[in-house]
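This report concerns only the one structure given below.
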Amino acid sequence: MTTDPYCIRLLRVDSDESSKRRSLRNRDAKDLEKGGLHGSFHYRNWTGKFSTLKVVLLLIVLGTVYTLYRSPAVHIADHPSNNNSSFVNRWMMESSAIDPRYVSTAEINWDHMSDVVEKLTGKGGYQGVGFINLNDDEIAQWKDLIPDCDHVALHLGHMASNITWESLYPEWIDEEEQFEVPTCPSLPWIQVPGRPRLDLVVVKLPCNKGGKWSRDVVRLHLQLAAARVAASSKGLHDVHVLFITDCFPIPNLFIGKELVVRQGNLWLFKPNLHQLRQKVQLPIGSCALTVPLKAKDTFYSASAKREAYATILHSANFYVCGAITAAQSIRMAGSTRDLVILVDDSITEHHRSGLAAAGWKIYSIQRIRNPKAEAEAYNEWNYSKFRLWQLTEYDKIIFIDADMLILRNIDFLFEMPEISATGNNATLFNSGVMVVEPSNSTFQLLMDHINEIVSYNGGDQGYLNEVYTWWHRIPKHMNFLKHFWEGDEPEIKQMKTRLFGTDPPILYVLHYLGNKPWLCFRDYDCNWNVDILQEFASDVAHKTWWRVHDAMPENLQKFCLLRSKQKAQLEWDRMQAEKGNYTDGHWKIKIKDKRLETCYEDFCYWESMLWHWGDKNWTDNSTNTLSPPPALKTPLSSLAMESEKPHPHIKVGRTRQSEATYLPVDLVSDILLRLPAKSIVKFRCVSKVWSSITTLPSFISSFAARSSPRLLILSEKNGKLFGFSIPQNQNSDNKPQLVESYALTYPGNCSVFWNVSVHGMICSSVSLKLEVWNPTTRRTVILPHPKRGWSNMSCFLGFDPIDGTYKVLSMPRYPCSKGDNRPRVLTLTGDHKESWGVIQGITEHVPYCPGQHIINGVIYYVASLKSHSDYILVSFHVRSEKMSMIEVPWNYLSVPKIFPVLYEGKLACVSSKDNDVTKVDDIEIWILEDAEKHEWSYKKIHLPFSRYDPISHACLDMKGVNDAGELIYVPLDLVNPVRLLYYDLNTNVYRRVVVEGLADDQFRRRNGIGDNNILRTLAVYPNHIETLMSL
């Protein structure tokens, strides 16, 4: 079980606070002891004269102090009859109003406020509205806006005057805890009343635009206080937070996607309370770590498909090799999250193909110019990084620079909020590794202030530090710079060098500064040959990068070849080091890097460039205009892809080949990759060469990576099976979507219609046979029998994306009373020598139909124990082959159709009963709260639509869940045009998609189906991809 980093942080904070309180108590005890002696001296002078009066006065004073101390920090504006509480709070508020730091000059436009209040849902049932930093007159105005609830003035004590932004965000903390445990200053917080329930929190923020308002500790204090009040809400009701401020609120406390409306200086948010509770448990600044130094490398995430690593390439191709190697390092570290790369037009198709083959999902972007940068300067286009916030198909992004290696799995950072990063200098963070939560409104916020905010370093990092001043410190091991400071002691340099090469690694992320390893010869770090770059030189770190490079397939290593100009630059630097007689002596090393003799350009005589190199040196800008490397021309008659032959793009030495009757290998492969799957299957018969290309594992993997999820609908008529493939994630209502229709080879058994499509494959079982069916290639593979004596077996299919292998889980539907009925697992290796393994330590159980569902590499299915009385949800982790059981609170016979989904970040099971389709349905949701304790919560949702489509007169049936978490409703009868419905549980929003060409007149004539014959939905497979895999 992986420890939640938030919990770790909370425990540490609680421990630190406890230590601090103990220290304060000790100090207070000493002060009290001193005060007691002093007081007793005075009392002795009065002894015998006023002993009775002394006792009475003492009791009065103590009683008054106790009353003031115990009075709640709340003022109910609607109930003036509470004189004592009103007096106390008025006294507290008036005495606290003296602090000018908390004074806000923001004016409230009550017409705007009225419009914003109209956006509040359920305000008729409000019990209370809490106000922070508003005066009595402003609170009184709310009686007209929301009259039927209590209006509560919440008191927030002022922080000490010696607390500054630098004390919350120190430049350095003792992360290793060698000398002290880092702690944060204590701030006063609001004592939230038990009653009334607060449904809206209103807070007014100061904004001193003449100063550093974004790093105003009071603004931070007020916003965190509002967050803590909202997070303290109990139950399932929503809480809104309204800011009144002339400056934008902290964009990562209440995030862009939670913004309900903004009007003038009013910002209304509806926060995710679960996430907000996690945020307020974090340290208030970078004064303590949010993630422990020795964090666990892996953790389970319920929303892995909504999380991705991302990087960006623009303006030049030089970082393509770095990005490809970074992708390799992420996979070697064990992460299976999506890899997303943003590229602009300067990244050629040749280089994009390499990025795609490495696993990056490529998104083309328009660059964003830094308006304060000079033309053709290094930072002219680096605001393009803001495009990360437009990747809204993901909830979390871990951004990494393309010159990094991920040495250990950092998936646990997906649990961290935006912005989690390492410290840089002063109060700033380093944006080389950071957690981002995409949001279009946040992107717009970044763009809105692009002309006014000044970046301290002229780049994106400086700009983001001005917007995201509230950030969360992660250990420097998660973005460890390859850099030796001038003042580093020898033992510090030795420690860093040791960290660069430790195996197994200690560092999580190694950030390569200076000249990049792929732009050096592999023999040594070329930073040694440049005087001003020697602080970045490390042969140990250099070798670490090349170890990852060498683990890549050869077809990816070609993207790390050196251009002729780069070779000339390296030799020039070596000559200058020799001339300067640099004492490190690296310039003496004879280069053995084979890339020195490998050329893929028209001009290969790089030595001749050195004749005038000193006159006009080569710079990064001068190479931006270089054309992409042309592919070597290969004759069609000898087009072969054997790995032992030299790659056809590479010329050894300086030979040239004829260009007549030749085609580039990559061009042929790229053309074939752009074809539909059914065309590729046909073209395998054209020639042996094309067959060899299209059956290569790299080609199959690239094709699958390009395939977007589709909705596969099967229908049967007159003994013929038909498939309809539809783009799954379409955005708009009533916008017609084209469909691919084709006849399929009938798999020969009906159980295939109970299972799901897993990475393009479908598992089925009938009698004594288990089969895996590929609808794309129309091929079926019969699997070996799991165990003698088994019949009527269940079959579940999984896919391991790391190894690229399929696994089959099987067990009998009708267990033998005396036989071995333990589940078996089979890994499909393709060599037909597979053998079944036994799942140990699991109770025998009987699966029910319909079949499996798979989420984030885990297979789920409903089953009963041997007694048939207790129902369970079984989970099987495909990669680890670990199986577990969770008791369920429903009776499977009364709830026969169950779909596991992710609901509010938790595993849940959804059921829809077949009621009258002309009426609006209710769906039931069971949410897994604690898997170890088998605890579920229950919720019923009233659907905002009817399952009867009045336009097509078709009845809709819930058929599954897509990868975006939407329930899919498909008509039982396929009438052209077909209208599908997608319903998002989390947002309670549904959309309709119109599909044309499915079962139309042309299709019917082509397949001999009469006009009056009704095609019925036989099976629906969400998240289906077309794969060319052959098992």
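Please work out whether segment 481-562 counts as rounded, prolate or oblate from its C-alpha gyration tensor, where a ≥ b ≥ c are the square roots of the eigenvalues and a/c under 1.5 means rounded, while otherwise a/b larger than b/c means prolate and anything else oblate? Cα axes put segment 481-562 in the oblate bin. Extension gain for the segment GLU887 to THR121, taken as residue separation times 0.36 nm less the Cα-Cα distance, is 272.1 nm to one decimal. Beyond 30 Å in Cα-Cα separation lie the following of the pairs LYS305/LYS682; LYS279/LYS939; LYS385/LYS959; LYS143/LYS270: LYS305/LYS682; LYS385/LYS959. Centroid-to-centroid, using Cα positions, segment 420-492 and segment 157-236 are 21 Å apart.
Of all DSSP bridge pairs formed entirely within segment 71-280, close to 45 percent run antiparallel. With R₀ set to 51 Å, the beta-carbon distance separating TYR363 from ARG195 gives a calculated FRET efficiency near 0.55. If both residues of a DSSP beta bridge must be in segment 237-396, then about 40% of such bridges are antiparallel.
Working note: Karplus 6.51/-1.76/1.60 with θ = phi - 60° gives segment 390-400 the couplings 8, 7, 6, 6, 10, 7, 9, 10, 9, 7, 10 Hz, where Gly and Pro are set to x. When a/c reaches 1.5 or more, the comparison of a/b and b/c decides; with that in mind, is segment 331-423 rounded, prolate or oblate per its Cα gyration tensor? Oblate is the answer for segment 331-423, as a/c is 1.5 or above yet b/c matches or exceeds a/b.
The antiparallel fraction among DSSP beta bridges confined to segment 306-560 stands at about 35%. Can you bin segment 306-560 into rounded, prolate or oblate? Criterion: square roots of the alpha carbon gyration tensor eigenvalues sorted a ≥ b ≥ c, rounded for a/c under 1.5, prolate for a/b above b/c, oblate for the rest. The shape class here is rounded.
A simple spin-label model places pseudo-atoms 7 Å from Cα toward Cβ; at ASP136 and GLU374 they are separated by 6.1 nm.
The numbers here are math on the coordinates, done by the rules we state, and not lab data. Nothing here was measured: the structure is a model prediction, and the numbers come from that model. Cβ: placed from backbone, ideal geometry, glycine included. Neighbour counts: every protein chain shown.
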